[in-house]
């Protein structure tokens, strides 16, 4: 298994459109662990761990987002897999 960790910042009209809930749903469907949260400057931050191919599917989804979202930019930073997470949650 090729495990990886990703740190994503999504910007645009991404708050108030259920981006976090839909990210959680997508991550769980892909079998990923981690979290998603809104940041004060209006972006959405995501940390996800799991199989690299499934993380790449989440990145692709982030470029679209849920209906109502207008994604302007997705900044991706690959990190070292830690295995810190047992599920995928929304953080507040």
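Mind checking whether some residue in region 21-31 is in a strand (DSSP E or B), surrounded by fewer than 19 Cβ atoms within 10 Å (Cβ to Cβ), in contact with a strand residue (DSSP E or B) (Cβ under 8 Å, 6 or more places away or on another chain) and modelled with pLDDT of 95 or more?
No, the conditions are met nowhere in region 21-31.
What about residue 2, is it touching a helix residue (DSSP H, G or I) at 6+ places or on another chain (Cβ under 7 Å), at pLDDT below 95 and at negative phi?
The answer is yes for residue 2.
Answer with yes or no whether residue 63 is closer than 15 Å to residue 85 by Cα and exposed (fewer than 15 other Cβ atoms within 10 Å of the Cβ).
no
Filter region 66-92 down to residues that are without any contact (Cβ under 8 Å) to a residue 60 or more places away in the chain and farther than 21 Å from residue 13 by Cα and give me whichever is surrounded by the fewest Cβ atoms within 10 Å (Cβ to Cβ).
Across region 66-92, the extreme among qualifying residues is 86.
The values are calculated or read from the model by the stated rules, or taken from the named source; none is laboratory data. Bear in mind that the values here come from a model prediction, so they are computed numbers and not experimental data. Cβ sites come from the backbone with ideal geometry, for glycine too, and all protein chains shown count toward neighbours.
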